[in-house]
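Colleague: This is the structure I want to talk about, given as structure tokens.
The numbers here are math on the coordinates, done by the rules we state, and not lab data. No experiment lies behind these values; they were computed from the predicted model shown. In this analysis, Cβ positions are derived from the backbone assuming ideal geometry, glycine residues included, and neighbour counts consider all displayed protein chains.
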Amino acid sequence: MSTSLAIAPWEHHDFHISKEDEDSIKRLIELNNKHNKKKSQHTTVLYAFIVIASITLIKYFFPVSFFANFYLIEAFFQDKNLTRDLFVNGALFFVSKLTFDLREKAKEDYHSLRVELVDLSNKEWLKKYGEATNTKIYEYLYSQHKIRINHKTK
């Protein structure tokens, strides 16, 4: 990764693109970051749900103690409160469903803007700015943010 690509190309004094195109690219970067954040939140909540659900199943269906020498863990597995355990599992399930819906909405917003920019970059930007400018934009977006707008692949 070269150091000249660390700063966005449109922030250089000798690089000129329209304000609308610059705003669209910045919005795409924001939506990509939002999508990645929602994806990591959903993954974290889903893993927490899987771990807590597994512990609950072990607690109720396997009465044999696996942690005989660890009293704190042993006390946790001996404390069987079905209402609390079902509430925690249900709450984590609904939170994982909520984070999944938020992730899908962020993904939809990101992909709709990305498709729009792919069309712009393939048609209008080549006429407006030329190949060198587009190449700098493509390289910056891919090297810094892993976003490809120069073709239609994900």
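Colleague: Apply 1/(1 + (r/R0)^6) to the Cβ-Cβ distance of residue 48 and residue 111, taking R0 = 22 Å, and write down the FRET efficiency to the nearest 0.05.
Modeller: 0.20
Colleague: What distance in nm separates the two pseudo spin-label positions at residue 27 and residue 98, each 7 Å out from Cα along the beta-carbon direction?
Modeller: Here the modelled spin labels are 2.8 nm apart.
Colleague: Counting Lys and Arg as +1 and Asp and Glu as -1, each charge on the Cβ, what is the dipole of the range 5-55 about the Cα centre in debye, to the nearest 20?
Modeller: That gives the range 5-55 a dipole magnitude of about 480 debye.
Colleague: Which residues in the range 110-135 place their backbone N less than 11 Å from a point set 7 Å from the Cα of residue 16 along the Cα-to-Cβ direction?
Modeller: none
Colleague: List the pairs from 19/146; 39/136; 107/128; 59/80 whose alpha-carbon separation is above 18 Å, in the order I gave them.
Modeller: Those over the limit are 19/146; 39/136; 107/128.
Colleague: I want to check the label-to-label distance for residue 145 and residue 126. Put each point 7 Å from Cα in the C-beta direction and report it in nm to one decimal.
Modeller: Each label point is offset 7 Å from its Cα along the Cβ direction, giving 2.3 nm.
Colleague: Additional query: What are the residues whose amide H is under 5 Å from the amide H of residue 8, where those residues sit 5 or more places off or on another chain and H is modelled from the backbone?
Modeller: Here nothing satisfies the definition.
Colleague: Cα centroid distance between the range 112-154 and the range 21-37, in Å?
Modeller: 13
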